Amino acid sequence: MRVGSELLWKARRVFFLDIRRMASHKVLTSASINPNVVTMQYAVRGPIVIRANELEKELKQGAKKPFTTVIKANIGDAHAMGQRPITFIRQVLACVSDPSLMEGEGPLSFPADVLDHARAILEDCGGKSTGAYSNSTGVDIIRKHVAEYITKRDGGIACDPENVILSGGASESIRNVLKMFVNRDAKKKTGVMIPIPQYPLYSASIEEFNLGQVGYFLNEEAGWALDEKELERSLKEHSEKYDIKVICVINPGNPTGQVLTRENIEMIIRFAQKHNLFVLADEVYQDNVYAEGSKFHSFKKVVSEMGAPYDKIELASFHSVSKGYMGECGMRGGYVEFMNLDPEVYVLFKKMISAKLCSTVLGQAVIDTVVNPPKPGEPSYDLWKKERDAVLASLKERATLVREAYGSIEGITCNPVQGAMYAFPQIHLPEKAVKKAESLGQKPDFFYAMRLLEEAGICIVPGSGFGQKDGTYHFRTTILPQPVLMKEMLARFKEFHTKFMNEFK
């Protein structure tokens, strides 16, 4: 047996040595790949999520755990958490995907307004098919409908369809705009101001594109508002290292769930004008406002109403079908509207995106259903309104439930969830827990989150993945689990947290 074991060991050693030799001849290796790809991080789909997926597989294989299901509260994926699709959206999508469905009668027949919407989209598609490429900027009639939606949203402030570009989710547009600031010939990297905490799309893209991250802290004690002194501090401290040209604002906030007041937005606009900054307004949660007294104000509307010189700043604002009441994350539909962009730059931007041909036309069709929904008196209106209102009411209920639940747990503080789909509670970790995490080479909030996953089956994202002030520890959790599951999640969480705090007190 010993001889056989030695032979097996030698065979394995030769096998792995051969693999290493083969790898050494690869053109692309981890040593030769773009180093920015190696250093970029995306916490929302990081190690904890990978482990959550492994746990799900183990449970399916019959493994015994302290829980029977994994609750994924790490990402804003409404349908994955049980939200049902909006009927109108899916009916239009079905018809543009398979036009033969519009010819039937009986149980598969669709309301007249659904057919009208679908036909209008198909009329503007090549060969009257969503299987054809669209223009790189998107299907023209959908861009027109987006412009009409923006004009109505902003109280009549005109939007030119030519300033609207459709994309595969807002993320694609955000990344495309950031690419324009890459300048390899410049002496200093272009600095991009982003809120801390921030959505990791920004930090990851900034790192990948070799730009400079300039973080400004949101004020947790003031409900995650922005403070002008903090903006000035951040700009001044980073100006020597970076050529700062951009400020990003997420409103309503991700991961913090705040809704900026108009006064706060005006302050940001004055700051951007003073320092000649390009504004990126991430407004994908504009339909998700819950708190009494809170209201969404678009940057474009405020900029326009402030008048000269503020109405001359360069602005790119983004929206998506992934959030709101729709939750159509997998459809990958979004848009960017530009304001005051240099015409020559706009030509170059459109040339750049043309290399990708176009975004998915089905995703564009979903955008159309969002910006051009049923109108009062049309056959689909009552059901559409009922479903939309029910989703938003349920989200508001869960926002309140999450805030009250976390706020009642010792060792946790949580600001109200004014909007968006997340809470960002602060965990007051005992020093003993902090030292234990450090002894394992882990960040304290990562240590906490991994323990929560392993012991309670709840997947959250540590605050360190979004950025936070030194010495503070947070986590992001969505408010998307349906009410019954949400109550189960909070019960599991409270039991784990109490046990954890007692262990390390």
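The values are calculated or read from the model by the stated rules, or taken from the named source; none is laboratory data. It should be emphasised that the depicted structure is a prediction, and the values quoted were computed from it without experimental measurement. Note that each Cβ is placed from the backbone with ideal geometry, even for glycine, and that neighbours are counted across all protein chains shown. Surface areas here come from the heavy atoms of the whole protein model, side chains and all, with no ligands, DNA or RNA. Shrake-Rupley method; radii C 1.70, N 1.55, O 1.52, S 1.80 Å.
For the reader, a short list of remarks on this structure follows.
- Residue-by-residue Karplus 3J(HN,Hα) for the range 164-181, coefficients 6.51, -1.76, 1.60, Hz, glycine and proline x: 10, 10, 8, 8, x, x, 5, 4, 5, 5, 4, 5, 5, 5, 4, 4, 5, 9
- The packing ranking of peptides 183-194, 232-243, highest mean first, is 183-194, 232-243, where packing means the average number of other beta carbon atoms within 10 angstrom of each residue.
- The range 351-475: Rg to Rh, with Rh as the Kirkwood radius over Cα pairs: 1.16
- Carbon and sulfur %, accessible surface of the range 427-505 computed with the full protein complex present, 1.4 Å: 55 percent
- Amide H within-cut-off set for ILE458, under 5 Å, with H built and near neighbours excluded: ILE71, LEU453
- Table column - 3J(HN,Hα) (Hz), the range 293-299, Karplus curve with 6.51, -1.76, 1.60, x for Gly and Pro: x, 8, 8, 7, 10, 6, 4
- One compactness figure for the range 283-344 is 1.34, namely its Cα radius of gyration divided by 2.2 N^0.38 Å.
- Multiplying the residue separation of ASP243 and HIS79 by 0.36 nm and subtracting their alpha-carbon distance yields 54.9 nm.
- The angle separating the long axis of helix 140-153 from the principal Cα axis of greatest extent in the chain is about 90 degrees.
- Relative to the globular-protein estimate of 2.2 N^0.38 Å, the Cα radius of gyration of the range 344-423 stands at 1.76.
- The C-alpha atoms of the chain define a longest principal axis, and helix 361-371 lies at about 70 degrees to it.
- For the peptides 445-451, 321-327, 97-103, the ranking by packing is 321-327, 445-451, 97-103, with the highest mean count of neighbouring Cβ atoms within 10 Å listed first.
- For the chain, the solvent-accessible area works out to 48 Å² per residue, with a probe of 1.4 Å and every protein chain left in place.
- As a fraction of the 1.4 Å probe accessible area of the range 144-269, surface on carbon and sulfur atoms comes out at 45 percent.
- Volume of the convex hull of the range 79-186 (Cα atoms only), normalised per residue: 179 Å³.
- Ordering of 346-358, 138-150, 381-393, 279-291 by burial proxy (mean other Cβ atoms within 10 Å per residue, highest first): 279-291, 138-150, 381-393, 346-358
- Listed by chain and number, the aspartates and glutamates whose C-alpha is less than 19 Å from the C-alpha of LYS385, apart from same-chain residues fewer than 8 away, are ASP113, ASP116, ASP287, GLU328, ASP368, GLU397.
- To the nearest 10, the accessible area of GLU54 is 80 Å² with a 1.4 Å probe.
- Rolling a 1.4 Å probe over the protein heavy atoms of the range 343-426, with every protein chain left in place, gives an accessible area that is 59 percent carbon and sulfur.
- Helices in the chain, meaning DSSP H runs of at least 4 residues, each add -39500 (n - 2.57). Divided by all residues, the mean residue ellipticity at 222 nm is -14000 deg cm²/dmol.
- Between GLU344 and GLU221, the contour length at 0.36 nm per residue exceeds the alpha carbon distance by 39.9 nm.
- Each of [x] 26.4; [y] 30.3; [z] 41.7 is a candidate for mean projected area of the Cα convex hull in nm²; the one calculated from this structure is [y].
- Look at the alpha carbon pairs under 8 Å that are at least 6 residues apart: their mean separation over the length of the chain gives a relative contact order of 21 percent.
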